[in-house]
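The values are calculated or read from the model by the stated rules, or taken from the named source; none is laboratory data. Given the structure is predicted, the values throughout are model-derived calculations rather than measurements. Here the Cβ is made from the backbone with ideal geometry for all residues, glycine too, and neighbour counts use every protein chain on show. Accessible surface is based on the protein model in full, side chains and every heavy atom, while ligands, DNA and RNA are left aside. Shrake-Rupley method; radii C 1.70, N 1.55, O 1.52, S 1.80 Å.
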Amino acid sequence: MAEAHQAVAFQFTITPEGIDLHLSYQALNQIYLSGLRSWKKRISRIKNRIIKGVYPASPSSWLFVVIAILATMYMQSDPSMGLITKIREHLPLSLSLSAQGQTVLSVLLFSTLLWLSLILALRFCLKLLLSYHRWMFELHGRISTKTKVWATLVRLLSSRKPLLYSYQTSLPHLPVPSIKDTLERYLESVKPLLDVAGFQRMTRLAAEFEKSLGNRLQKYLKLKALWATNYVSDWWEEYVYLRSRSPIMVNSNYYGMDFLYVTPTATQAARAGNTITALFLYRRKVNREELNPSRIPGTVIPLCAAQCERMFNTTRMPGEETDVLQHWQDSEFVAVYHRGRYFRLWVYRAGRLLSPREIQYQIQRILDDPSPPSPGEDKLGALTAGNRTPWAQVRKQFFSSGVNKRSLDCIEKAAFFVTLDDQEEGMMGENPSVNLDRYAKSLLHGKCYDRWFDKSLSVVVYKNGKNGLNAEHSWADAPIVAHLWEFTLATDAFHLGYTADGNCRGEIEHSLPPPQRLSWDIPLQTHVSESLAVAQALADDVDCHVFPFREFGKGRIKKMKMSPDSFVQLALQLAYYRDRGTFCLTYEASMTRLFREGRTETVRSSSNESCAFVLALEVTGAKHCRKLFRKASEKHQNLYRLAMTGSGIDRHLFCLYVVSKYLGVESPFLKEVLSEPWRLSTSQTPVQQMELFDLVNHPEFISLGGGFGPVADDGYGVSYIIMGEEMINFHVSCKHSCTETDSHKFGSQISQAMMDLMTLLNPDFKEATKANPDKRS
């Protein structure tokens, strides 16, 4: 217990001679350094609040305004038109200041008010400029004069280097679409999916809703939009995520993978050391707001960064009716799981972030620890993988006090969770395709008890050095986590690096106290077993297939003057039709982060145009199909732009449904719309920091992206990442319990559809592929 003695700063003993005081200067020094770090963080936060509070101006501009006003006053000119004189007349200190002092103070007050007014005016102008979205609908190369002037003004007002959250107060609020527009777009989206009688029925229900209940619900929604920062996000977080009582494992959480072809080191402890260090370096950038705000690629248009606030030190706490997201301001440790034991690993010492080599040393201590799990400890994490209400009841009964509460606090208050997995994963061995599928399932659900699914981030480091990530969904969407994971992989491989023998770089302070083993008193094995049974059944039912599509990438698609995302979405429509012989309601995730606190909107990718193209491709000539293909692609791009700019369908209808529940009224139309299954749920993982990866000199450092579980029991979940110019990685999931779905079969359909579409656009492609068969292997 040497570390316990080091933690005591002083001791005293009462003797006949008096009080004998013993000071531990090492402990006092660590207390001083930790306090110094805390104060530095406070000062940094205050400084950042000031800088972003005056953006797009700068704090130094205040001095410029003061000097300008003083100079004009010195030249016997009054730019305030008498206001400075009135301020001087009403100064309470007029009796104790000289006439010159009163004038200077009045000038300072007037200059400050003028400066604040200018800041508000600039911010208002920037907000108006960022509310303009017509540029997104203009054809490439045919930009209007209005848009050119707008872009120039945005650049001028954004010329100062912003902090991460500088644009937050300048972002517009998400607008509420009109009932009429939303219903028209909805009916257009379901027309190809319904027969004539079914479409007439939905048209009648929509008309009745618009005439009666719709306008009443719309008024309440507009009232909320005037009051709230975002009329969707809080309800979306609560009702879609936090109030769900089913397991979040598979159903909600999603995963991110390591590099496809390389593993920077085969030493598990070393990979964990660099990964943990990289994550804390990213957290430092978030805390200091040193990250550049995300923007729409190729533009200066900023995206909302609000989701970054709860990235670390965050846990989803179970409740009997609704869960709660709990975020702590800071955490200097991570929670680690290895072979059924839980540890608390401090990564800061005396205010200093441990070096990667020191973290490797501490991780190795955990790996070498021979102690067995305490009774019930090894499968405790299954509680976070099962249904939410039983977990809430168990937490309240057994984790509200004593040793269990203290240990649970260590997990929940940790910066993030780390699992040291004793399996080997990745694209390896004699059957790399099967191993990739197993790798995906491992990250999605593991053994159902060796992840802490409630944590915002759970990092997994495997025995062979591969790593991965499991993320809880309620606090943020995939692009936020993807940005973090890109930084982590690049920092690990290219900046921190490893020694020739595969260890982390840096020096080791051997006096570091060992990681703290968490203690438990768990008389609840029955509850754990019940949650594990639910989770295991869910995990066993998931069918995952991951495959890299190497025949071509966005480079060749762009040469055909096509949107890569539209191309992939149309390929998915063709693949699904060939797989099931019909079309289905298709969900593609789009973002609404052009607006403050925006999250996602649905692009209904199955349109009249896409269905007409797929049907034509199966029966008619290529020339006619090319025109329909272009038309379907343009329609998809327009739907995506509408979703991004606040004119989507599903979030509006969802919020109207929530209002109807609050009012206690039933809407047959809304009830039916929100019960429609998404049998094809898709999402593109964006590559946001390609500059971090030198794919020209190091093409092997290609990320696999990530994926998620199926949304519908009889449907598919498809995630894809467009890597570089020549590869697209796909992640397909479905359920074994549905006899009509098969992830491998659907993956083959996707590959064939991609090839067929490229051959349609470029007939020479088929011959080129035959001439170069190695590329397909």
Relative contact order for the chain, counting Cα pairs under 8 Å that sit 6 or more residues apart, in percent: 16
Long-range HN-HN contacts of Asn467 with modeled amide H, under 5 Å: Asp258, Tyr462
Calculated FRET efficiency for the pair Val300/Lys146, C-beta based, R₀ 22 Å, to 0.05: 0.85
Euclidean distance between Cα centres, segment 370-413 to segment 535-553, Å: 30
Accessible surface, per residue, of segment 247-541 when the full set of protein chains is kept, probe 1.4 Å, Å²: 34
Along the chain, longest interval not containing exposed trypsin sites (Lys or Arg not before Pro), exposed being DSSP loop plus at most 11 other Cβ atoms within 10 Å: 143-560
Calculated FRET value between Arg284 and Ser519, using beta carbons and R₀ = 25 Å, to 0.05: 0.20
Shape of segment 247-541, Cα gyration tensor, a/c cut at 1.5: rounded
At R0 = 41 Å, FRET efficiency that the Cβ-Cβ distance of Lys180 and Lys745 yields, to 0.05: 0.45
Entry for volume of the Cα convex hull per residue in Å³ (calculated from the structure that is shown) out of [x] 162; [y] 239; [z] 195: [y]
Charge-dipole axis of the chain as Lys and Arg at +1 and Asp and Glu at -1 on Cβ define it, positive-most pick from Cys410, Phe199, Leu163: Leu163
Signed unit charges on C-beta, dipole axis of the chain, positive-most listed residue His90, Trp235, Met591: His90
Sparsely packed GluC sites (Glu not before Pro) within segment 397-434, loop by DSSP, other Cβ within 10 Å at most 10: Glu430
List Phe613, Phe398, ordered by accessible area with a 1.4 Å probe, largest first: Phe398, Phe613
About the Cα centre, charge dipole magnitude for segment 590-699 (Lys/Arg +1, Asp/Glu -1 at Cβ), debye: 320
Lys, Arg +1 and Asp, Glu -1 on Cβ, resulting dipole of segment 514-566 about Cα centre, debye, nearest 20: 880
Portion, in percent, of the accessible area of segment 362-446 that falls on carbon or sulfur, probe 1.4 Å: 51
Pairwise centroid distance, computed over Cα atoms, of segment 633-670 with segment 495-528, Å: 47
Length-normalised contact order of segment 247-541 in % [C-alpha pairs under 8 Å, at least 6 apart]: 34
Given charges at Cβ of Lys, Arg, Asp, Glu: the chain dipole, positive-most of Thr277, Thr182, Leu444: Thr182
Accessible area of Cys308 in the full protein assembly, 1.4 Å probe (Å², nearest 10): 10
Ile508 paired with Arg243, simple spin-label distance in nm, labels 7 Å along Cα-to-beta-carbon: 5.3
Gain upon complete extension [Ser737, Phe137; 0.36 nm per residue less C-alpha separation]: 211.7 nm
Net charge dipole size for the chain [Lys, Arg +1 and Asp, Glu -1 on Cβ; Debye, nearest 20]: 2820
